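Notes follow once the structure below has been shown.
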Amino acid sequence: MPSVEDEVLPAFDPDAFTAVAIHSFAEGRFPATHTQIFGLTFPVALDYDSEQFRRFRLPAHVFPLNVVFDEQGAVAHVGTELEDAVAVVETLLGG
């Protein structure tokens, strides 16, 4: 998540791109702790029952998992490499 905050967000127009982290484990640190530790400025959503993973048929237990949605809300990319997700975002934004 720090890479998203420090490297990805500054590279894009905030009106054209939104990053959201999804916390899906009931155990461990509460997302607010991660937000504070890493100084995150983007939202962290809660998905403790993994409903969103099932809804979008995303691989379970693969973290970190990067998912890119297009303007219509369709899944445009799923993968573990942040650089691949950024390339898809750039393509979607016409860059």
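For segment 13-24, what does the Karplus curve 6.51 cos²θ - 1.76 cosθ + 1.60, with θ = phi - 60°, yield as ³J(HN,Hα) per residue in whole Hz, taken in order and with x for Gly and Pro?
Ordered by residue, 3J(HN,Hα) equals 5, x, 7, 10, 9, 10, 9, 9, 8, 10, 9, 10 Hz.
Given only helices, namely DSSP H runs of n ≥ 4 each adding -39500 (n - 2.57), what is the per-residue ellipticity at 222 nm of the chain, to the nearest 500 deg cm²/dmol? Show your work: numbers first, answer last.
Working: 3 runs with 24 residues, N = 95.
Here the helix-only value at 222 nm equals -7000 deg cm²/dmol.
Loop sites only, by DSSP: take the chymotrypsin sites (Phe, Trp or Tyr not before Pro) in the chain that have at most 14 other C-beta atoms within 10 Å and name the longest stretch containing none of them.
Numbers: sites that count: Phe25, Tyr48, Phe56.
Segment 57-95 is the longest.
Could you bin all the Cα-Cα distances of segment 50-95 into 5 Å bins starting at 0 and give me the percent of pairs in each, rounded to whole numbers?
Calculated P(r), rounded to whole percents: 5, 22, 30, 24, 14, 5, 1.
Roughly how big is the chain's charge dipole about its Cα centre, with Cβ charges of +1 (Lys, Arg) and -1 (Asp, Glu), in debye to the nearest 20?
Working: 4 positive and 15 negative charges, 84 e Å.
Rounded to the nearest 20 debye, it is 400 debye.
What does the accessible area per residue of the chain come to in Å², with a 1.4 Å probe and no ligands, DNA or RNA counted? All intermediate terms of the calculation are to be shown ahead of the outcome.
On the way: 6520 Å² over 95 residues.
In whole numbers, the chain has 69 Å² accessible per residue.
Scan the chain and report its longest stretch carrying no GluC sites (Glu not before Pro) that are both in a DSSP loop and have at most 11 other Cβ atoms within 10 Å. Let's see the in-between values first.
On the way: sites that count: Glu27, Glu71, Glu81.
Result for the longest clean stretch: 28-70.
Tell me, what HN-Hα J-couplings in whole Hz come from the Karplus equation 6.51 cos²θ - 1.76 cosθ + 1.60 at θ = phi - 60° for each residue of segment 76-91, using x for Gly and Pro?
9, 6, 9, x, 9, 9, 4, 4, 5, 5, 4, 4, 5, 4, 4, 5
For the chain, with the dipole built from +1 on Lys and Arg beta-carbon atoms and -1 on Asp and Glu ones, taken about the Cα centre, which of Ile22, Val88, Ala11 lies farthest toward the positive end?
Looking along the dipole axis, the top candidate is Ile22.
Hey, rough spin-label estimate for Ala45 and Leu65, points 7 angstrom out along Cα→Cβ, what's it come to in nanometres?
Each label point lies 7 Å from its Cα, and together they span 1.3 nm.
Over the Cα atoms of the chain, compute the convex hull volume and normalise it per residue, giving Å³.
Values: hull volume 9.3 nm³, N = 95.
In the chain, the Cα hull volume divided by residue count equals 97 Å³.
The values are calculated or read from the model by the stated rules, or taken from the named source; none is laboratory data. What you are looking at is a predicted structure, and each value in this text was computed from that prediction instead of being measured. Heads up, the Cβs are rebuilt from the backbone with ideal geometry, glycines too, and the neighbour counts pull from every protein chain shown. Accessible surface areas use protein heavy atoms only, side chains included; no ligands, DNA or RNA. Shrake-Rupley method; radii C 1.70, N 1.55, O 1.52, S 1.80 Å.
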